[in-house]
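Okay, structure first, notes after.
The values are calculated or read from the model by the stated rules, or taken from the named source; none is laboratory data. The model shown is predicted, which means the values in this text are computed figures rather than measured ones. Neighbour counts run over all protein chains shown; Cβ positions are idealised from the backbone, glycine included. The accessibility values were calculated without ligands, DNA or RNA, using every heavy atom of the protein model including side chains. Shrake-Rupley method; radii C 1.70, N 1.55, O 1.52, S 1.80 Å.
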Amino acid sequence: MAQALLNKSQLTSFVDFLTSRQKVVGPVSSGHGQFRFAEVRAREELALDYIPTILPPKKYFLPQHETLLKYDVSAGQEMRAVVEIEELVLFGVHTCDLAGIQCLNIVFSDRPRDLHYQTHKNHITLIGLECKDYCDHYANCAMLRNHLPKGGYDLFLSELDDDYFVDICTQRGELLVEESGVFGPVSPPAEKQFRALRRAKKSIFHPEVPIRYQDIPRLFDETFDSDVWRQIGDKCLSCGNCTNVCPTCYCFDVLDEPELDLTKGRRIRVWDSCQQENFAKVAGGESFREERSDRKRHRFNRKFRYPMLRYKRMFCTGCGRCSRSCMAKIDLKETITALMEERG
């Protein structure tokens with residue numbers, strides 16, 4: 001992979017270059033210490049020193065409400081597929097969210113491949129941004145080895161004293177570097193600073209829960225009948241906040257929305273949540289996970305155990321959004337610690 005250097009004084013010019021070509025989305029302040037991904041038109045609108053946004057960038061790959069097809073039965077049976085394409089640049093994506101996008105890429109490339117997702121993905125340029133310290137105490141990215149970049153981006157920016165060290169991962173990224181005309185070669189002092197940055201992160205980021213990465217799936221296998229699930233189930237409100245804000249939750253429902261004259265309409269998919277009561281309910285009113293404790297256990301296993309069996313990777317990225325947004329104060333790190341203590 002190639003590298004380049006972007007002087008901080010040129011960042012505004014680079015953002016101007018991007019916005020002149022297509023829509024640019026980046027982290028912006030929502031007030032009260034909260035951030036969100038939204039369209040920006042100038043460097044000043046970007047909040048590059050931010051904690052994970054309220055919703056992850058998956059909303060651009062898998063929209064919360066997405067039209068799949070439109071139909072018209074006024075003159076026969078007319079039905080046509082719809083793909084809502086939007087060319088955009090996602091700027092300033094942290095490594096935890098890059099890992100989440102990689103998880104979604106795996107799922108929606110599995111059979112049957114999701115062409116709507118693939119189309120969104122192919123029209124999005126990803127520019128990552130390195131975290132030099134923890135976002136806040138909710139993060140558990142080091143435990144999941146997501147505090148460092150693992151690819152999945154076009155460009156990746158690491159902040160130095162006067163520059164950004166830029167890793168170029170794709171041909172699309174190479175073209176941005178060449179056509180913008182604001183990047184330069186990596187100098188020996190900048191390369192030295194970059195190596196020092198990575199060394200410093202080794203002393204800052206440590207597994208937030210004392211468990212080895214490879215032992216995490218076994219922990220959930222051995223604690224399937226743990227009393228911890230009942231305890232957090234008693235607290236859970238089944239609101240679905242944790243799944244809505246998760247970078248790797250991808251469950252959806254498909255609905256038909258007819259117009260008032262019933263001759264036209266559209267088929268849409270909308271985000272769904274395994275934490276809601278009706279999710280696992282089938283004909284006759286039976287539910288596979290009627291109790292909230294069962295639903296909480298299922299969610300944790302869907303992050304740490306089941307994906308390892310199918311995809312050989314865990315689907316928790318360590319962003320801390322679920323703990324940060326939980327109205328019942330259910331904390332992911334505290335839950336894993338409690339399971340470890342009970343198991344002994």
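Spelling out what I want: for every residue of the range 207-224, take phi, set θ = phi - 60°, compute 6.51 cos²θ - 1.76 cosθ + 1.60 (Karplus), and round to whole Hz; glycine and proline get x.
x, 6, 10, x, 9, 6, 3, 6, 8, 4, x, 5, 4, 6, 5, 7, 10, 4
Would you grab the residues whose amide H sits under 5 Å from the one on THR125? Only those 5+ places off in sequence or on another chain, please, with H modelled 1.01 Å from N.
LEU88, VAL89, LEU90
Placing +1 on the Cβ of each Lys and Arg and -1 on the Cβ of each Asp and Glu in the chain, which of CYS326, SER287, VAL186 has its Cα farthest towards the positive end of the resulting dipole?
Result: SER287.
If we count chymotrypsin sites (Phe, Trp or Tyr not before Pro) as exposed when they sit in a DSSP loop and have at most 13 other beta carbons within 10 Å, what is the longest stretch of the chain that avoids them all?
1-223
Under a crude label model (7 Å from the Cα following the beta-carbon direction), how far is ARG172 from LEU68 in nanometres?
Each label point lies 7 Å from its Cα, and together they span 2.5 nm.
Give me the percent of DSSP beta bridges within the chain that run antiparallel, rounded to the nearest 5.
Roughly 80 percent of the DSSP beta bridges within the chain come out antiparallel.
How much accessible area per residue does the range 124-240 have, in Å², with a 1.4 Å probe?
Heavy-atom accessible area per residue stands at 49 Å².
Describe numerically, in nm with one decimal, the distance between label points set 7 Å from Cα along Cα→Cβ at LYS264 and at GLU341.
Each label point lies 7 Å from its Cα, and together they span 6.0 nm.
For the range 12-160, what size does the Cα cloud have along each of its three principal axes, sorted from largest down, in whole Å?
So the extents along the principal axes, rounded to whole Å, are 62, 36, 30.
Please give me, ordered by residue number, the trypsin sites (Lys or Arg not before Pro) of the range 252-344 that lie in loop per DSSP and have at most 15 other Cβ atoms within 10 Å.
Passing sites in the range 252-344 are LYS312, ARG313, LYS329.
Which value, in debye to the nearest 20, describes the size of the charge dipole of the chain about its Cα centre when Lys and Arg Cβ atoms bear +1, Asp and Glu Cβ atoms bear -1, and nothing else is charged?
Once rounded to the nearest 20, the dipole reads 880 debye.
What is the Cα radius of gyration of the range 230-344 over 2.2 N^0.38 Å, N being its residue count?
The range 230-344 yields a ratio of 1.25.
Through the Karplus equation 6.51 cos²θ - 1.76 cosθ + 1.60, θ set to phi - 60°, convert the phi angles of the range 276-289 into ³J(HN,Hα) values in whole Hz; use x for Gly and Pro.
Running phi through 6.51 cos²θ - 1.76 cosθ + 1.60 with θ = phi - 60° gives 8, 4, 7, 4, 9, 8, 10, 3, x, x, 6, 10, 6, 9 Hz.
Report, by chain and number, residues whose modeled amide H sits under 5 Å from the one on LEU69, excluding near sequence neighbours (fewer than 5 apart, same chain).
VAL82, ARG267
Over the chain, with every protein chain in place, what whole percent of the accessible area is carbon and sulfur at 1.4 Å, could you tell me?
49 percent
Less than 10 Å Cβ to Cβ from LYS8, Lys/Arg counted +1 and Asp/Glu -1: what total charge do the surrounding residues give?
-4
Given R₀ = 22 Å, FRET efficiency for LEU148-ILE211 by Cβ-Cβ distance, to 0.05?
0.70
Report relative contact order for the chain in percent, whole number only (criteria: Cα-Cα under 8 Å, sequence separation at least 6).
Once divided by the residue count of the chain, the mean separation gives 21 percent.
Net charge around ALA190, counting only other residues with Cβ within less than 11 Å of its Cβ (Lys, Arg = +1; Asp, Glu = -1)?
Spelling it out: positives minus negatives among the neighbours equals -2.
Calculate the spin-label point distance for ASP136 paired with SER238, positioning each point 7 Å from the Cα along the beta-carbon direction, and give it in nanometres.
Spacing of the two 7 Å Cα→Cβ label points: 2.8 nm.
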